[in-house]
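What follows is a single structure, written as structure tokens, with notes after it.
The values are calculated or read from the model by the stated rules, or taken from the named source; none is laboratory data. Predicted model, so just to flag it, every value in this text is computed and none were measured. Please note: Cβ atoms are built from the backbone with ideal geometry, for glycine as well, and neighbour counts cover all protein chains shown.
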Amino acid sequence: MTTIEQNLPGQAAPEAISERQRLLRFLRAELKPRGPLLTPFNVISGLVILATAVILGFRFAYGLGAVSNLTQEQPWGLWKGFNVITGVAFAGGAYVMVFLVHVLRLQRYRPIVRVTILNGLLAYVFYAGALVLDLGRPWNVINPVIGNDFGLSSVLFLVAWHFMLYMIAAAVEFSPAVAEWLGMKRLRRILSAMTLGAVILGISLSMLHQSGLGALYLMAKPKIQPLWYSEFVPIQFLVSSVFAGLSMVILEGTISRRVFRARASAAYHFSQERILVGLSRICAGSMFVYMFLQTVVFVHGRDWRYMGGGWGAWFLLENLGFVAVPCALYVLAWRRRNTRLARIASVMALFGIVLNRLNVSVVAFMPHAAVRYVPSWMEVVVTLGVISAQIWVFRWVVNRMPVLDAEPAWKRERKEEPTAAERPADRLLVKEN
Amino acid sequence: MTPREDELDDRREPVTNCDRRGFLRVLGAAGAGLALTPAAMAQAEAEGDPYGVLVDTTMCMGCQTCTKVCAEGHGLPAPEEVCRSDTTTTQLSVVDSYTFPEERVEMGGVFVKRQCMHCLQPACASACLTKALLKTDEGPVVWRGSKCMGCRYCMLSCPFGMPKFEYDSPNPRIQKCDMCADRLAEGQPPRCVENCPAGALTFGRRSELIEEAHRRIAEAPDDYYHHIYGEREAGGTSWLYLAKVPFEELGFPKEVETESYPAMTKEFLYGVPVVLTLVPPLLLGISKAVASERPEGGAAR
């Protein structure tokens, strides 16, 4: 609360108190759910989240073995392979988008930059949070932060720190939206001034931890099927995070446009086609670079030796079916300005990323193990529960803060500071879901 | 070949050295923006001559005494008297068995004791983000519960698959052979070595063990396959093996590299400070250059 008072200088004390009361009342009102509660999505995701809570109870009471199928040979399963390794690649859209809008200053993408940052921020919060569920001794999670020995030669140490720092950077990038929501004009100015710094730090950190996720597997050389292992794994992960993130932006935009139709600004709706075509072009380009890299690695490693049998076919399915084909579709989408093609390509490209990340971390990991790891149904439920919880928070934020809609009037017109109570008036039209 | 008294007394000094080095490392890293240079450090640690054990499989009778005294000494349930190919959370040392035709191996059987190899530059220790797994100057790679987060990255990294995790405990530990570090600190050899009735295990400084192994091969060239497993595997291990037959026939992972495993992440980690120092100014430069071309809030492209 102190920050709020600091940002309302020149006001007499009684007024400040009433301002604070108004803010509290506003926050209380905002916390209430809006729209119909018993929608199919709410019921299903609610049940999944409930089941997740129960499973996690078991997990902390009886150990990881009670709910997961992890083995001594497969210590990292679905929670790390999907939630962390794949989820973070999907969140890569945030660093690419802020690069386009804040560094290259391409105004075309400005209408979707905030929603992309929000998505990235929430992905990191929830997926890094899911990482804690997977820790055997989570009470020691603070050790690498407080310096109860820094394992400086560990790639995981680097990834952990970069996750934390990136979450702070993404929060700063998103913070002006929170300030606008609360109607805090001065705070917003301060936070906006920090955006470029946060953006630059965030992009640098993202480059390192996106590749770092691949570098985690460098020492697992004898354990990964050679088609999915090379010393270039970090670079492959970095390059593929560009089109993974942007494909997620396209898919998320497609869904948001329907679900949050009333929230979105006119600019957001009008610019949809131009944005999708532009993103298609960038996706196609980065996928081309990725395929080129894959080819170089393939030839350099003389990988054709491993192409016989099922693994070769599986490798071709991933790289031709879900990289080359969506790449071609993206090119068509760009040339023909066809948003529908772009959406199909995005779904295929995302599926390809899931395949790739799960192949490295689970499917092609220890292929000769005596007992192959297959995730338990409880691991799957928890994975879905984490995603559901993220969607709930995302929806809550989008329905309340200026994420998809135009900037608040006071930011442009510099009229007298509106009270917080005035702001939500224009939201009465909004229907949840 | 037990260590001399004075050698063991010397060990206490390097511990403080290690801490000081660790402190400097932290300082250095803070300066370089969380950048790390593991290779030089690993090099320095490998320069010492740690303790090790030479396992001569041609002498092992498969009596399982080592597994029994190991379980006793570590407060673990008594093991079944059967051969196993892999360690577990309750059996940190196992004896594996292989059969061969009589003309290749006398008596037709080879027994191989298995436990943590205590690498000179352990993948597990370099993977650990809290140094819960630590290569001590004396030789053992030990696990420290007060540091461990239970992330299991050590298990993913170890080429021998030695760290085992207690999946069925709410307070799980990483379990693996600790080379009886408590006894080493008191000047005693590991329990398995002391109790081996066949004399198949020899304890000593690693350099001496390698000399001894070479001597045995030279003295009886027909009785040994001419290779010391662990001399170069994974960059060198504190536990060394001699055998009559090629090691891949005895279940030793044949795809293990001779380069040390931490070296595989070296290039990546060297890239970190480079990216963190070069990318931000580059981005700032691009941003400023674009801004002067196209003022913020100006006409959209």
Can you tell me which residue is surrounded by the most Cβ atoms within 10 Å (Cβ to Cβ) among those in the range A:53-65 that are within 7 Å of another protein chain (Cβ to nearest Cβ) and of a type in the set (A, V, I, L, M, F, W, C)?
A:Leu64
Some residue of the range A:108-120 being facing chain B (nearest Cβ under 7 Å), without any contact (Cβ under 8 Å) to a residue 60 or more places away in the chain and buried (at least 22 other Cβ atoms within 10 Å of the Cβ)
no
Being under 17 Å from the mean Cα position of the chain (by Cα) and at pLDDT 95 or above is true for just one of B:Pro163, B:Pro159. Which residue is that?
B:Pro163
Hey, can you tell me all the residues within the range B:205-254 that are of a type in the set (Asp, Glu) and either in contact with a Phe, Trp or Tyr (Cβ under 8 Å, 6 or more places away or on another chain) or in contact (Cβ under 8 Å) with a residue 24 or more places away in the chain (or both)?
B:Glu208, B:Glu212, B:Asp223, B:Glu233, B:Glu249
Given the conditions (1) away from chain B (no Cβ under 14 Å); (2) surrounded by 19 or more Cβ atoms within 10 Å (Cβ to Cβ); (3) more than 28 Å from A:Val363 (Cα to Cα), every one holds for A:Leu50 apart from (2)
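Listed here are the residues, each with its yes/no results for (1) within 19 Å of the chain's Cα centre (by Cα); (2) closer than 30 Å to B:Gly161 by Cα; (3) not in a helix (DSSP H, G or I).
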{"site": "A:Glu180", "(1), (2), (3)": "no, no, no"}
{"site": "A:Ile203", "(1), (2), (3)": "yes, no, no"}
{"site": "A:Glu231", "(1), (2), (3)": "no, yes, yes"}
{"site": "A:Phe237", "(1), (2), (3)": "yes, yes, no"}
{"site": "A:Leu246", "(1), (2), (3)": "yes, no, no"}
{"site": "A:Leu276", "(1), (2), (3)": "yes, no, no"}
Report the residue count in the range A:269-325 for those that are hydroxyl-bearing (Ser, Thr, Tyr) and in contact with a Gly (Cβ under 9 Å, 6 or more places away or on another chain).
1
Selected residue [within 14 Å of chain A (Cβ to nearest Cβ), of a type outside the set (D, E, K, R), touching a Lys or Arg at 6+ places or on another chain (Cβ under 8 Å) and touching a residue at least 12 places away in the same chain (Cβ under 8 Å)] from B:Thr87, B:Thr58
B:Thr87
Looking for whichever is more than 22 Å from A:Val115 (Cα to Cα), in contact (Cβ under 8 Å) with a residue 12 or more places away in the chain and surrounded by fewer than 21 Cβ atoms within 10 Å (Cβ to Cβ) here; the options are A:Ala370, A:Ala389. Which one fits?
A:Ala370
Which pairs do you get when a residue that is within 18 Å of B:Gly235 (Cα to Cα) and touching a residue at least 12 places away in the same chain (Cβ under 8 Å), found in the range B:129-144, comes within reach of a residue that is surrounded by fewer than 24 Cβ atoms within 10 Å (Cβ to Cβ) and basic (Lys, Arg), reach meaning Cβ atoms under 7 angstrom, with the pair 6+ apart or on two chains?
B:Asp137/B:Arg11; B:Glu138/B:Arg11
Of the conditions (1) more than 25 Å from A:Asp405 (Cα to Cα); (2) touching a residue at least 60 places away in the same chain (Cβ under 8 Å), A:Arg188 clears all except one; give me its number.
(1)
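Listed here are the residues, each with its yes/no results for (1) more than 25 Å from A:Ile250 (Cα to Cα); (2) of a type in the set (S, T, N, Q); (3) in contact (Cβ under 8 Å) with a residue 60 or more places away in the chain.
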residue: A:Ala266; (1), (2), (3): no, no, yes
residue: A:Cys283; (1), (2), (3): no, no, yes
residue: A:Met287; (1), (2), (3): no, no, yes
residue: A:Trp314; (1), (2), (3): yes, no, no
residue: A:Gly321; (1), (2), (3): no, no, no
residue: A:Ala328; (1), (2), (3): no, no, no
Return the total of residues in the range A:342-364 being hydrophobic (A, V, I, L, M, F, W, C), touching a residue at least 60 places away in the same chain (Cβ under 8 Å) and touching a helix residue (DSSP H, G or I) at 6+ places or on another chain (Cβ under 6 Å).
10
Filter the range A:134-179 for residues that are surrounded by 23 or more Cβ atoms within 10 Å (Cβ to Cβ), of a type in the set (Asp, Glu) and either under 19 Å from A:Met207 (Cβ atoms) or at pLDDT below 90 (or both) and give the result.
A:Glu173
Checking the structure you have, find out if any residue of the range B:252-259 is more than 30 Å from B:Cys116 (Cα to Cα), modelled with pLDDT under 95, loosely packed, with under 12 Cβ neighbours inside 10 Å and not hydroxyl-bearing (Ser, Thr, Tyr).
no
Of (1) assigned to a loop (DSSP other than H, G, I, E, B); (2) of a type in the set (A, V, I, L, M, F, W, C); (3) touching a residue at least 40 places away in the same chain (Cβ under 8 Å); (4) exposed (fewer than 14 other Cβ atoms within 10 Å of the Cβ), A:Leu37 fails just (3)
Whether any residue in the range A:89-96 is touching a residue at least 12 places away in the same chain (Cβ under 8 Å), of a type in the set (Val, Ile, Thr) and in a helix (DSSP H, G or I) is what I want to check.
yes
Take the residues in the range B:239-288 that are more than 9 Å from every other protein chain (Cβ to nearest Cβ) and among the acidic types (Asp, Glu), then tell me which one is farthest from A:Leu152 (Cα to Cα).
B:Glu249
